[in-house]
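Following: one structure in structure tokens, then a few remarks.
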């Protein structure tokens, strides 16, 4: 797989996840957070299992791989999805975008500690520029940021995703990203069952009665999570955990654009400026240094 294809897929994931943010906020009006998370994961798992049965290309993981898959499922699916929807329900959109955007920095530091990946000045510069862009976006309205219960849950969700990238990176050394996506998602979905049971016993579970909302849920699960998950994990396998995580800075900007056309939210100058900084941060991180005499074969922002 060429570098250009990898980064095109990562850009596609960013676009889908930006749209997912708006769709999730919309569906939370009619679903309880834990049930919404579980329902999306169930649909996604059924889709992934169907793909595996059609392709008949799944292999049985080794004992070590089962352990890594369990950890990837716990951190990247169970913890991330559970705390993300719970936090999104209780926090503000601005705080959610800012906290989730901290993932690239967390992943870069974790990759240095556990995977011994080199943190170059270029990566740090790109991370800082992109984070400044996110701050511009979430602070455009002059709202005061505070640490609420929702903010704490979103922080846990962000850390869960960051940690899962490290397990995925190790898994894709011996397994295809396709296999990792299916196993980790199904494991995380199964582990979320007790949380849904607790929500139901507490009388907090509720679901939409509209066909449109359920259809939206299915589309988000299959396309926004299923297909995007394949592209995301394949990007991690080639580009690395910290490099791929930089693309997580883009969805907040995409969400603002989608919200404008779908929900009628205004787009302010500060938002556009923040979006430019986010794109610049990703470009800086992905920029390859060319040796003297080496032809220009690297990726550029226009090509992506």
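Here, each number is a calculation from the coordinates, and none is a lab measurement. The model shown is predicted, which means the values in this text are computed figures rather than measured ones.
Take the Cα pairs of segment 3-286, get the Kirkwood Rh, then feed it into Stokes-Einstein at 25 °C and 0.890 mPa s and tell me D in µm²/s.
My calculation gives 129 µm²/s for D.
Let me check against my output: what whole-number percent is the relative contact order of segment 3-286, with C-alpha pairs under 8 Å and at least 6 apart?
40 percent.
Classify segment 40-131 as rounded, prolate or oblate, taking a ≥ b ≥ c as the square roots of the eigenvalues of its Cα gyration tensor: rounded when a/c is under 1.5, otherwise prolate if a/b is larger than b/c and oblate if not.
The shape class here is oblate.
Classify segment 114-236 from the C-alpha gyration tensor, please: rounded if a/c falls under 1.5, else prolate or oblate depending on whether a/b exceeds b/c.
The shape class here is oblate.
Can you give the extra length, in nm with one decimal, that the chain gains between residue 218 and residue 70 once fully stretched, where that is 0.36 nm per residue apart less the Cα-Cα distance?
Difference between extended and current length: 50.8 nm.
Using only the Cα atoms of segment 167-225, construct the convex hull and provide its projected area averaged over every direction, in square nanometres to one decimal.
5.4
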